[in-house]
1. 222 nm [θ] for the chain, helices only, -39500 (n - 2.57) per DSSP H run of 4+, per residue, to 500?
2. Please list the three semi-axes, largest first and in whole Å, of the ellipsoid equivalent to the chain, using sqrt of 5 times the eigenvalues of its alpha carbon gyration tensor.
3. Using only alpha carbon pairs under 8 Å that are at least six residues apart, calculate the relative contact order of the chain and give it in whole percent.
């Protein structure tokens, strides 16, 4: 059952919330991008991290809101930053395999599946 919005519409709430696991390679991706933004404009790396955390929370609550882009892998774009979070879902968790710039060659994350 969903909760009611002020407009009379119902919002479908997720039936279950799964934990998120971030693979080491994805952690390295996040760290590298954070350092790059912080080096080029102090404080921007922190904003990047906030956007990553927001997407991770959305994935945890409702991964199916993001499109499958390759063999069960979903991509969630970050707000303000040209990066995608790539993940898949198994029976018990959401697994983040990469956080990469949208213009990178897709084979860069596909070999992490």
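The numbers here are math on the coordinates, done by the rules we state, and not lab data. What you are looking at is a predicted structure, and each value in this text was computed from that prediction instead of being measured.
1. Using -39500 (n - 2.57) per qualifying helix, the result is -11000 deg cm²/dmol.
2. Gyration-tensor ellipsoid for the chain: 26, 19, 12 Å.
3. Relative contact order here is 25 percent.
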